[in-house]
Amino acid sequence: MSSAPLRSPALRPHRMKKDESFLGKLGGTLARKKKAKEVSDLQEEGKNAINSPMCPAPVEVHPEDSLLEENEERTVIDPTSRDDPRFKELVKVLIDWINDVLVEERIIVKQLEEDLYDGQVLQKLLEKLADCKLNVAEVTQSEIGQKQKLQTVLEAVQELLRPHSRPLQWTVDSIHGKNLVAILHLLVALAMHFRAPIHLPEHVSVQVVVVRKREGLLHSSHVTEELTTTTEMMMGRFERDAFDTLFDHAPDKLSVVKKSLITFVNKHLNKLNLEVTELETQFADGVYLVLLMGLLEDYFVPLHNFYLTPDSFDQKVHNVSFAFELMLDGGLKKPKARPEDVVNLDLKSTLRVLYNLFTKYKHLE
């Protein structure tokens with residue numbers, strides 16, 4: 001949706017004078033060959049990674065766009081990383097999330113680099129998420145205006161994220177330069193801070209080629225950029241518990257735990273002629289959780305308080321969140337899991353919730 005930044009036209013060499021010396025011509029030829037060699041080296045290092053990973057067709061890289069000034073740096077994603085299914089999933093999840101948030105603004109994002117670099121979409125996204133209004137111009141076509149808007153937006157982001165003491169992995173120049181890695185770091189941080197109702201794929205990393213120009217020569221290096229870790233780490237829950245240990249070191253005992261929990265929940269749900277056989281799927285819409293809380297606390301839950309047949313993600317999240325409220329009313333601690341994690345079929349989160357119920361109510365007849 002955003003227009004590409006204007007690129008200065010390439011300087012055309014002056015027409016050679018008839019009396020120009022042979023040495024002058026030779027020097028110009030050598031300079032052009034050196035510049036062409038630099039372009040070739042950069043394109044070899046980056047392959048096609050300079051192009052957008054979501055672009056349906058390759059985009060021709062202009063030689064003048066590929067040249068680097070002294071000490072300038074260019075970062076591109078290794079093509080193999082761009083083809084990684086988890087990387088593609090991360091990009092898709094974030095694009096869908098942005099479009100869901102901005103649906104009322106009639107904004108549709110298709111490519112993160114092309115649609116977010118000028119600050120316009122990022123401004124709208126932050127205003128919607130933080131329920132605020134930024135003092136920036138609505139439309140900015142010039143590069144200076146776009147960077148000024150980006151500066152304001154990113155300063156507001158930094159102010160929001162400051163309490164978490166996370167190092168910022170983006171800059172105005174990297175976002176405006178359509179650096180997809182920087183844009184992804186920014187969006188993941190926003191999704192984490194605002195507890196977006198999405199499931200970010202875990203352990204997504206990319207290989208990045210960093211090309212620098214020093215003393216007239218191009219130097220490249222490969223680094224690994226970690227975009228996501230685990231759900232617990234990303235959402236700020238750093239304390240490991242018995243379920244982390246169970247999943248990591250004793251997966252063979254997992255079936256025993258699941259069997260015990262299934263026996264526990266069915267002892268109560270059978271009173272309503274309901275039966276559970278799969279924990280990760282049958283609690284995902286929150287209905288059984290709500291009904292189970294009513295049975296454990298011996299009260300009837302009014303049907304208007306939750307969706308008995310939820311047919312959307314939001315309705316399922318509502319049900320699980322409501323069940324969590326009932327747990328708090330029953331004297332349990334706030335569940336470590338997020339409602340969104342349960343809805344997204346995260347088994348570890350579901351087990352944590354049910355085990356808390358098992359611990360308190362296992363002696364009930």
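Couple of notes before you dig in:
- Against the conditions (1) farther than 12 Å from residue 117 by Cα; (2) more than 19 Å from the chain's Cα centre (by Cα), residue 149 satisfies every one except (1).
- Candidate set: segment 125-146, residues that are among the β-branched types (Val, Ile, Thr) and touching a residue at least 12 places away in the same chain (Cβ under 8 Å); chosen: the one farthest from residue 108 (Cα to Cα): 136
- Condition check for residue 306: modelled with pLDDT of 90 or more, in the same structural domain as residue 261 (by the TED database), of a type in the set (Phe, Trp, Tyr) and crowded, with 20+ Cβ neighbours inside 10 Å: yes
- The criterion of at least 3 residues that are in contact (Cβ under 8 Å) with a residue 60 or more places away in the chain and surrounded by fewer than 22 Cβ atoms within 10 Å (Cβ to Cβ) is met, among helices (runs of 4 or more DSSP H) falling completely within segment 311-364, by 313-329, 347-361.
- Single residue of segment 89-134 satisfying the filter (in contact with a helix residue (DSSP H, G or I) (Cβ under 7 Å, 6 or more places away or on another chain) and farther than 24 Å from residue 200 by Cβ) that is surrounded by the fewest Cβ atoms within 10 Å (Cβ to Cβ): 133
- Pairs are defined by a Cβ separation below 9 Å, a sequence spacing of at least 6 or placement on different chains, a first member in segment 190-202 that is in the same structural domain as residue 131 (by the TED database), and a second member that is small (Gly, Ala, Ser) and part of a loop (DSSP other than H, G, I, E, B); the pairs so defined are 190/196; 192/236.
- Taken over segment 62-91, the criterion of being modelled with pLDDT under 75 and hydrophobic (A, V, I, L, M, F, W, C) is satisfied by 67, 68.
- Evaluating residue 173 against the criteria (1) open to solvent by 50 Å² or more (accessible area, probe 1.4 Å); (2) assigned to a helix (DSSP H, G or I); (3) over 20 Å from residue 114 (Cα atoms) leaves one unmet condition, (3).
- Per-region count, segment 265-283, residues of a type outside the set (Ser, Thr, Tyr) and open to solvent by 10 Å² or more (accessible area, probe 1.4 Å): 11
The values are calculated or read from the model by the stated rules, or taken from the named source; none is laboratory data. Quick caveat, the model's predicted, so the values are computed rather than measured. Reconstructed Cβ throughout: ideal geometry from the backbone, glycine too, with neighbour counts over all protein chains shown. Note: accessible area is taken over every heavy atom of the protein model, side chains too, but ligands, DNA and RNA are not part of it. Shrake-Rupley method; radii C 1.70, N 1.55, O 1.52, S 1.80 Å.
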